[in-house]
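The values are calculated or read from the model by the stated rules, or taken from the named source; none is laboratory data. Remember, it's a predicted structure, so these values are computed and weren't measured experimentally. Note that each Cβ is placed from the backbone with ideal geometry, even for glycine, and that neighbours are counted across all protein chains shown. In case anyone asks, the SASA skips ligands and DNA or RNA and just uses the protein heavy atoms, side chains included. Shrake-Rupley method; radii C 1.70, N 1.55, O 1.52, S 1.80 Å.
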Amino acid sequence: MIVMLLAQLDEVVDRLIDEDPEPYGRFTRAYIEITLEKQIMGLQQSWSAISMTMLTDKTFNEFWIEWMNSRVERHHQTDSDIELKIVRYAADGIWLTAFTEVEDESETQLLKQELIARTYRTK
């Protein structure tokens, strides 16, 4: 089930990347979208439950780490800057806060937009 979900997640990430005209940071923007949206292209119910399982179960966590590492390697040319890594980590923290319902939805959306804004190069 985890492998199937990660394959679906790959499809969603690829679709978001394909729709993004700005190469720099587009994997990070897609990652923010999948991380901070409660319903992302049909993954809502299974994504919430399984993502928490991947967080707490060592075996399932290894699948997640492998998926993330392969994506970071795959998008090295566009998303390897330390600033983008920090933004992805911030998205993870916001997700955990939102998942535990400590944060309200409007605040999560505001933070999401701020993180996305930080994925573009400043000129």
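Tally Lys/Arg at +1 and Asp/Glu at -1 over every other residue whose Cβ is under 10 Å from the Cβ of Arg26; what's the total?
Details: positive: Arg29; negative: Asp18, Glu19, Asp20, Glu22, Asp79.
That works out to -4.
In a shell of Cβ-Cβ distance under 14 Å around Phe63, excluding Phe63 itself, what net charge do Lys and Arg (+1) and Asp and Glu (-1) give? Mind dumping the intermediate values first?
Working: positive: Lys58, Arg71; negative: Asp10, Asp57, Glu62, Glu66.
Summing Lys/Arg as +1 and Asp/Glu as -1 gives -2.
Determine the dipole magnitude for the chain: charges of +1 sit on the beta-carbon of Lys and Arg, -1 on that of Asp and Glu, nothing else is charged, the reference point is the Cα centre, and the result goes in debye to the nearest 20. Could you put the intermediate results ahead of the total?
Details: 13 positive and 23 negative charges, 60 e Å.
Rounded to the nearest 20 debye, it is 300 debye.
Which chymotrypsin sites (Phe, Trp or Tyr not before Pro) does the stretch 61-123 hold that lie in a coil by DSSP with at most 15 other beta carbons within 10 Å?
On the way: sites: Phe63, Trp64, Trp67, Tyr89, Trp95, Phe99, Tyr120; in loops: Tyr120.
Taking the stretch 61-123 and a limit of 15 other Cβ atoms within 10 Å, the loop chymotrypsin sites (Phe, Trp or Tyr not before Pro) found are Tyr120.
Rounded to the nearest 10 Å², what accessible area does Leu111 have for a 1.4 Å probe in the complete protein model?
Number for this one is 60 Å².
With labels modelled as points extended 7 Å from the Cα through the Cβ direction, what inter-label distance (nm, one decimal) is found for Asp92 paired with Glu19?
Modelled inter-label distance: 2.6 nm.
Over the chain, average the accessible area per residue using a 1.4 Å probe and give it in Å², no decimals. Could you put the intermediate results ahead of the total?
Values: 7600 Å² over 123 residues.
Heavy-atom accessible area per residue stands at 62 Å².
How many percent of the accessible area of the chain is carbon or sulfur, using a 1.4 Å probe?
Numbers: 4060 of 7600 Å².
So the carbon and sulfur contribution to the accessible surface is 53 percent.
How large is the helix-only mean residue ellipticity at 222 nm for the chain, computed as the sum of -39500 (n - 2.57) over DSSP H runs with n ≥ 4, divided by its residue count, in deg cm²/dmol to the nearest 500?
When only DSSP H runs of four or more count, the value is -24500 deg cm²/dmol.
Protein chains only, probe 1.4 Å: how do Val3, Val13 rank by accessible area, largest first? List each step's numbers first, then the result.
Details: Val3 95, Val13 0 Å².
The residues order as Val3, Val13, largest area first.
Under 1.5 on a/c is rounded, so check that first for the chain, then, if it is not, pick prolate when a/b is larger than b/c and oblate when it is not; a ≥ b ≥ c are the square roots of the alpha carbon gyration tensor eigenvalues. Don't jump to the answer; show the numbers that get you there.
Values: a/c = 1.60, a/b = 1.19, b/c = 1.34.
It comes out oblate by the Cα gyration axes.
Quick one: length gained pulling Phe99 to Thr59 fully straight, 0.36 nm per residue minus the C-alpha distance? Walk me through the intermediate numbers first.
Details: separation 40, 0.36 × 40 = 14.40 nm, distance 2.11 nm.
Working it through step by step, the gained length comes to 12.3 nm.
Along the charge dipole of the chain, which of His75, Val87, Gln113 sits closest to the positive end, that is, farthest toward it, with unit charges on the beta carbon of Lys, Arg, Asp and Glu (+1, +1, -1, -1)?
His75
Quick one: if you take sqrt(5λ) for each eigenvalue of the C-alpha gyration tensor of the stretch 1-41, what semi-axes come out, biggest first, whole angstrom?
Details: eigenvalues 71, 25, 13 Å².
Sorted largest first and rounded, they come to 19, 11, 8 Å.
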